[in-house]
Amino acid sequence: MKILVADDSRVMRQIVIRTLRQAGYDDHDIVEAEDGADALAKVSSEQPDLVLSDWNMPNMTGIECLQALRASGSVVPFGFVTSEGSADMRAKAADAGALFLIAKPFTEDTFKEHLDGVIA
Amino acid sequence: MTTGTVQLPAAKDVRDMLTGLVGKPVGVNPGAPVTPTPDDPVAVAVYVDPYMAINALCVLDLGAAAYTGAALALLPPGGAQDAVEEDRELSGLMVEALHEVVNVLSALFNVPGAPHSKLHKLYAPGEDLPGDIEGMLANFNRLDLAIEVPGYGKGALSLVL
(Lines give C-alpha, C1' and ligand atoms only; values in the text may rest on other atoms or scores of the structure.)
Protein backbone atom coordinates (compact mmCIF):
# COMPACT_ATOMS: atom_id res chain seq x y z
CA MET A 1 0.00 0.00 0.00
CA LYS A 2 0.94 3.63 -0.39
CA ILE A 3 1.42 5.97 2.59
CA LEU A 4 1.57 9.75 2.29
CA VAL A 5 3.67 11.44 5.00
CA ALA A 6 3.01 15.18 5.31
CA ASP A 7 5.24 17.38 7.48
CA ASP A 8 6.94 20.70 6.81
CA SER A 9 10.07 19.40 8.52
CA ARG A 10 12.19 17.14 6.34
CA VAL A 11 13.81 15.74 9.47
CA MET A 12 10.46 14.82 10.93
CA ARG A 13 9.33 13.15 7.68
CA GLN A 14 12.47 11.04 7.83
CA ILE A 15 11.79 10.17 11.46
CA VAL A 16 8.18 9.18 10.69
CA ILE A 17 9.34 7.02 7.78
CA ARG A 18 12.06 5.45 9.92
CA THR A 19 9.58 4.73 12.70
CA LEU A 20 7.20 3.12 10.21
CA ARG A 21 10.04 0.81 9.18
CA GLN A 22 11.00 0.05 12.77
CA ALA A 23 7.37 -0.75 13.55
CA GLY A 24 7.48 -3.38 10.83
CA TYR A 25 5.68 -1.48 8.06
CA ASP A 26 8.63 -1.65 5.72
CA ASP A 27 7.31 -2.86 2.39
CA HIS A 28 5.08 0.09 1.56
CA ASP A 29 5.45 2.92 -0.93
CA ILE A 30 6.04 6.23 0.83
CA VAL A 31 5.16 9.57 -0.69
CA GLU A 32 6.20 12.81 1.04
CA ALA A 33 4.37 16.13 1.17
CA GLU A 34 5.77 19.32 2.65
CA ASP A 35 2.57 20.99 3.79
CA GLY A 36 -1.21 20.55 3.78
CA ALA A 37 -1.67 22.00 0.31
CA ASP A 38 0.96 19.64 -1.11
CA ALA A 39 -0.69 16.73 0.73
CA LEU A 40 -4.11 17.65 -0.66
CA ALA A 41 -2.74 17.71 -4.21
CA LYS A 42 -0.87 14.43 -3.72
CA VAL A 43 -3.91 12.60 -2.36
CA SER A 44 -5.51 13.16 -5.72
CA SER A 45 -2.43 12.57 -7.89
CA GLU A 46 -0.91 9.67 -5.91
CA GLN A 47 -4.05 8.04 -4.49
CA PRO A 48 -2.43 6.93 -1.19
CA ASP A 49 -4.10 4.35 1.05
CA LEU A 50 -3.24 6.26 4.21
CA VAL A 51 -2.22 9.81 5.12
CA LEU A 52 -0.02 10.53 8.15
CA SER A 53 0.04 14.28 8.66
CA ASP A 54 1.52 16.90 10.95
CA TRP A 55 -0.91 19.51 12.30
CA ASN A 56 0.95 22.84 12.22
CA MET A 57 2.26 23.51 8.70
CA PRO A 58 2.54 26.62 6.52
CA ASN A 59 0.21 27.23 3.53
CA MET A 60 -2.38 24.73 4.75
CA THR A 61 -2.48 23.05 8.17
CA GLY A 62 -3.13 19.35 8.59
CA ILE A 63 -6.66 19.87 9.89
CA GLU A 64 -7.47 22.20 6.97
CA CYS A 65 -6.16 19.53 4.61
CA LEU A 66 -8.34 16.88 6.25
CA GLN A 67 -11.39 19.15 6.12
CA ALA A 68 -10.77 19.91 2.45
CA LEU A 69 -10.38 16.20 1.68
CA ARG A 70 -13.65 15.29 3.40
CA ALA A 71 -15.44 18.24 1.77
CA SER A 72 -14.32 16.96 -1.61
CA GLY A 73 -15.68 13.50 -0.84
CA SER A 74 -12.32 11.78 -0.20
CA VAL A 75 -12.52 9.06 2.43
CA VAL A 76 -8.79 8.30 2.52
CA PRO A 77 -7.78 7.05 6.00
CA PHE A 78 -6.12 10.00 7.74
CA GLY A 79 -4.14 10.15 10.99
CA PHE A 80 -2.24 12.96 12.69
CA VAL A 81 1.36 12.74 13.89
CA THR A 82 1.77 15.98 15.79
CA SER A 83 3.02 17.79 18.85
CA GLU A 84 -0.61 18.80 19.50
CA GLY A 85 -1.81 16.14 21.90
CA SER A 86 -4.36 18.06 23.98
CA ALA A 87 -7.89 16.74 24.49
CA ASP A 88 -9.22 19.73 22.56
CA MET A 89 -7.05 18.99 19.52
CA ARG A 90 -7.91 15.28 19.67
CA ALA A 91 -11.59 16.15 19.66
CA LYS A 92 -11.13 18.50 16.71
CA ALA A 93 -9.21 15.81 14.83
CA ALA A 94 -11.88 13.18 15.47
CA ASP A 95 -14.68 15.60 14.50
CA ALA A 96 -12.97 16.28 11.20
CA GLY A 97 -12.73 12.59 10.47
CA ALA A 98 -9.23 11.60 11.60
CA LEU A 99 -8.75 7.96 12.54
CA PHE A 100 -6.17 8.66 15.23
CA LEU A 101 -3.76 11.21 16.61
CA ILE A 102 -0.22 10.18 17.50
CA ALA A 103 1.44 12.78 19.75
CA LYS A 104 5.14 13.52 19.36
CA PRO A 105 7.36 12.21 20.80
CA PHE A 106 6.30 8.76 19.63
CA THR A 107 7.87 5.31 19.55
CA GLU A 108 7.50 2.37 17.20
CA ASP A 109 5.10 0.89 19.76
CA THR A 110 2.86 3.96 19.53
CA PHE A 111 2.86 3.51 15.77
CA LYS A 112 1.99 -0.19 16.03
CA GLU A 113 -0.80 0.55 18.47
CA HIS A 114 -2.46 3.04 16.11
CA LEU A 115 -1.61 1.51 12.76
CA ASP A 116 -2.32 -2.17 13.31
CA GLY A 117 -5.57 -2.79 11.54
CA VAL A 118 -5.21 0.37 9.45
CA ILE A 119 -2.22 -0.82 7.45
CA ALA A 120 -2.91 -4.14 5.81
CA MET B 1 -6.76 24.24 38.20
CA THR B 2 -4.55 26.87 36.65
CA THR B 3 -5.44 30.52 36.37
CA GLY B 4 -5.27 30.58 32.62
CA THR B 5 -1.59 31.43 32.44
CA VAL B 6 1.25 29.34 31.11
CA GLN B 7 2.95 27.25 33.78
CA LEU B 8 6.51 25.98 33.91
CA PRO B 9 6.71 22.22 33.60
CA ALA B 10 8.49 20.07 36.18
CA ALA B 11 12.05 18.94 35.46
CA LYS B 12 10.75 15.37 35.28
CA ASP B 13 8.33 16.35 32.49
CA VAL B 14 11.26 17.79 30.54
CA ARG B 15 13.28 14.62 31.12
CA ASP B 16 10.40 12.38 29.97
CA MET B 17 9.82 14.54 26.90
CA LEU B 18 13.48 14.64 25.84
CA THR B 19 13.90 10.93 26.53
CA GLY B 20 10.87 10.10 24.42
CA LEU B 21 12.04 12.41 21.69
CA VAL B 22 15.57 11.08 21.24
CA GLY B 23 14.85 7.51 22.34
CA LYS B 24 17.64 7.54 24.92
CA PRO B 25 17.57 8.28 28.67
CA VAL B 26 18.46 11.98 28.71
CA GLY B 27 19.88 13.18 32.03
CA VAL B 28 18.07 16.26 33.35
CA ASN B 29 19.20 18.02 36.53
CA PRO B 30 18.92 21.50 38.03
CA GLY B 31 21.39 23.79 36.31
CA ALA B 32 22.50 27.38 35.78
CA PRO B 33 20.55 29.87 33.64
CA VAL B 34 21.46 29.79 29.95
CA THR B 35 22.68 33.28 29.03
CA PRO B 36 24.17 34.31 25.70
CA THR B 37 27.62 35.88 25.63
CA PRO B 38 29.76 36.69 22.59
CA ASP B 39 31.60 33.39 23.10
CA ASP B 40 28.57 31.32 23.99
CA PRO B 41 25.84 31.67 21.39
CA VAL B 42 22.43 30.27 22.32
CA ALA B 43 19.40 29.03 20.43
CA VAL B 44 16.10 30.64 21.39
CA ALA B 45 12.70 29.13 20.62
CA VAL B 46 9.77 31.53 20.89
CA TYR B 47 6.29 30.23 21.76
CA VAL B 48 3.15 32.27 21.24
CA ASP B 49 -0.50 32.05 22.26
CA PRO B 50 -3.37 32.11 19.71
CA TYR B 51 -3.24 35.94 19.74
CA MET B 52 0.49 35.87 18.87
CA ALA B 53 1.56 37.14 22.29
CA ILE B 54 4.80 35.57 23.47
CA ASN B 55 4.02 32.86 26.01
CA ALA B 56 7.38 31.30 26.70
CA LEU B 57 10.97 30.89 25.55
CA CYS B 58 13.20 27.85 25.42
CA VAL B 59 16.87 28.81 25.54
CA LEU B 60 19.50 26.22 24.70
CA ASP B 61 23.27 26.49 24.83
CA LEU B 62 25.27 25.11 21.90
CA GLY B 63 25.62 21.68 23.52
CA ALA B 64 21.91 21.26 24.24
CA ALA B 65 21.00 22.61 20.80
CA ALA B 66 23.44 20.40 18.89
CA TYR B 67 23.03 17.20 20.90
CA THR B 68 19.24 17.08 21.14
CA GLY B 69 18.88 17.91 17.45
CA ALA B 70 21.55 15.48 16.32
CA ALA B 71 20.19 12.67 18.51
CA LEU B 72 16.67 13.21 17.15
CA ALA B 73 17.86 13.09 13.53
CA LEU B 74 20.37 10.28 14.23
CA LEU B 75 23.27 12.46 13.08
CA PRO B 76 26.71 11.19 14.10
CA PRO B 77 27.88 12.38 17.55
CA GLY B 78 31.30 13.36 16.14
CA GLY B 79 29.86 15.99 13.82
CA ALA B 80 27.69 17.41 16.59
CA GLN B 81 30.66 17.58 18.95
CA ASP B 82 32.76 19.36 16.31
CA ALA B 83 29.95 21.87 15.83
CA VAL B 84 29.98 22.62 19.55
CA GLU B 85 33.68 22.51 20.28
CA GLU B 86 35.22 23.85 17.07
CA ASP B 87 32.73 25.56 14.76
CA ARG B 88 30.67 27.13 17.59
CA GLU B 89 27.67 27.01 15.28
CA LEU B 90 25.20 24.43 14.01
CA SER B 91 24.95 23.00 10.50
CA GLY B 92 21.76 23.58 8.54
CA LEU B 93 20.63 20.02 9.16
CA MET B 94 21.21 20.38 12.90
CA VAL B 95 19.16 23.59 12.98
CA GLU B 96 16.39 21.79 11.11
CA ALA B 97 16.48 18.95 13.63
CA LEU B 98 16.55 21.40 16.54
CA HIS B 99 13.47 23.09 15.08
CA GLU B 100 11.62 19.79 15.47
CA VAL B 101 12.92 19.35 19.03
CA VAL B 102 11.65 22.74 20.17
CA ASN B 103 8.43 22.24 18.22
CA VAL B 104 7.68 19.08 20.17
CA LEU B 105 8.69 20.77 23.45
CA SER B 106 5.71 23.12 23.01
CA ALA B 107 3.59 20.26 24.36
CA LEU B 108 5.19 20.88 27.79
CA PHE B 109 3.24 24.13 28.04
CA ASN B 110 -0.01 22.76 26.67
CA VAL B 111 -1.55 21.40 29.82
CA PRO B 112 -5.28 21.63 30.66
CA GLY B 113 -6.28 25.15 31.68
CA ALA B 114 -3.28 26.88 30.09
CA PRO B 115 -3.63 28.98 26.95
CA HIS B 116 -2.48 27.12 23.85
CA SER B 117 1.19 27.60 23.02
CA LYS B 118 2.71 27.05 19.64
CA LEU B 119 6.26 27.38 18.33
CA HIS B 120 6.49 30.69 16.51
CA LYS B 121 10.16 30.93 15.62
CA LEU B 122 13.53 29.41 16.34
CA TYR B 123 16.58 31.66 16.45
CA ALA B 124 19.64 29.52 15.68
CA PRO B 125 22.76 30.03 17.84
CA GLY B 126 24.46 33.24 16.81
CA GLU B 127 21.41 34.71 15.06
CA ASP B 128 20.47 38.25 16.14
CA LEU B 129 17.61 38.38 18.61
CA PRO B 130 14.97 41.12 18.62
CA GLY B 131 15.29 43.43 21.63
CA ASP B 132 12.07 42.33 23.33
CA ILE B 133 13.12 38.68 23.24
CA GLU B 134 16.63 39.45 24.41
CA GLY B 135 15.08 41.32 27.33
CA MET B 136 12.92 38.33 28.24
CA LEU B 137 15.92 35.98 28.50
CA ALA B 138 16.62 37.16 32.04
CA ASN B 139 13.05 36.80 33.35
CA PHE B 140 12.77 35.30 36.82
CA ASN B 141 9.97 32.81 36.18
CA ARG B 142 12.12 30.06 34.76
CA LEU B 143 13.38 26.48 34.91
CA ASP B 144 17.14 26.08 34.42
CA LEU B 145 18.40 22.61 33.62
CA ALA B 146 21.66 20.81 32.90
CA ILE B 147 21.10 18.01 30.41
CA GLU B 148 23.12 15.12 29.08
CA VAL B 149 22.24 13.28 25.87
CA PRO B 150 23.79 9.77 26.05
CA GLY B 151 26.46 9.22 23.42
CA TYR B 152 26.50 12.91 22.49
CA GLY B 153 27.30 15.17 25.42
CA LYS B 154 26.19 17.79 27.90
CA GLY B 155 24.35 21.03 27.54
CA ALA B 156 22.09 23.47 29.30
CA LEU B 157 18.49 24.40 28.69
CA SER B 158 16.28 27.08 30.25
CA LEU B 159 12.52 27.48 29.95
CA VAL B 160 11.55 31.10 30.56
CA LEU B 161 8.08 32.62 31.00
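The values are calculated or read from the model by the stated rules, or taken from the named source; none is laboratory data. This structure is a prediction, so every number in the text was calculated from the model and none was measured. Please note: Cβ atoms are built from the backbone with ideal geometry, for glycine as well, and neighbour counts cover all protein chains shown. Keep in mind that these areas ignore ligands, DNA and RNA; they rest on the heavy atoms of the full protein, side chains included. Shrake-Rupley method; radii C 1.70, N 1.55, O 1.52, S 1.80 Å.
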Base-10 log of normalised Debye intensity for the range B:15-71 (one unit scatterer per alpha-carbon) at q = 0.14, 0.18, 0.23 Å⁻¹: -0.49, -0.77, -1.05
For B:Met136, solvent-accessible area (1.4 Å; no DNA, RNA or ligand), Å²: 40 Å²
Dipole magnitude (debye, nearest 20) for the protein assembly as shown, charges at Cβ of Lys, Arg, Asp, Glu: 720 debye
Solvent-accessible area buried by B and A, counting both chains, probe 1.4 angstrom, square angstrom: 1300 Å²
Length-normalised contact order of the range B:1-92 in % [C-alpha pairs under 8 Å, at least 6 apart]: 20 percent
FRET efficiency, B:Lys24 to A:Ala91 (Cβ-Cβ, R0 41 Å, nearest 0.05): 0.80
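Please work out the Cα convex hull volume for the range B:1-140 and give it in Å³ per residue.
115 Å³
Which three numbers, in whole Å and largest first, are the semi-axes of the equivalent ellipsoid of chain A derived from its Cα gyration tensor as √(5λ)?
Semi-axes (√(5λ), whole Å): 19, 16, 14.
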Chain A, dipole about Cα centre (Lys/Arg Cβ +1, Asp/Glu Cβ -1), debye to the nearest 20: 80 debye
Residue among B:Ala124, B:Pro30, B:Gly151 farthest towards the positive dipole end of the protein assembly as shown, charges placed on Cβ: B:Pro30
Summed residue charge, Cβ within 15 Å of A:Ser9's Cβ, Lys/Arg positive, Asp/Glu negative: -4
Per-residue average of Cβ from other chains inside 10 Å of A:105-111: 3
Solvent-accessible area of A:Phe106 with every protein chain in place, 1.4 Å probe, in Å² to the nearest 10: 20 Å²
Residue-normalised accessible area of the protein assembly as shown, given per residue in Å² at a 1.4 Å probe: 44 Å²
The protein assembly as shown, accessible surface, carbon-and-sulfur percent (1.4 angstrom probe): 51 percent
About the Cα centre, charge dipole magnitude for the range B:58-160 (Lys/Arg +1, Asp/Glu -1 at Cβ), debye: 480 debye
Intensity falloff of the protein assembly as shown expressed as log10 I(q)/I(0), Debye formula with alpha-carbon point scatterers, at q = 0.12, 0.14 Å⁻¹: -0.75, -1.00
With all protein chains modelled, accessible area of A:Ser44 [1.4 Å, Å²]: 80 Å²
Nearest 10 degrees, 0 to 90: helix B:11-22 Cα axis against chain B principal axis: 50 degrees
Protein-only accessible surface order, largest first, of A:Lys42, B:Lys154, B:Lys118, B:Lys12 at 1.4 Å: B:Lys154, B:Lys12, B:Lys118, A:Lys42
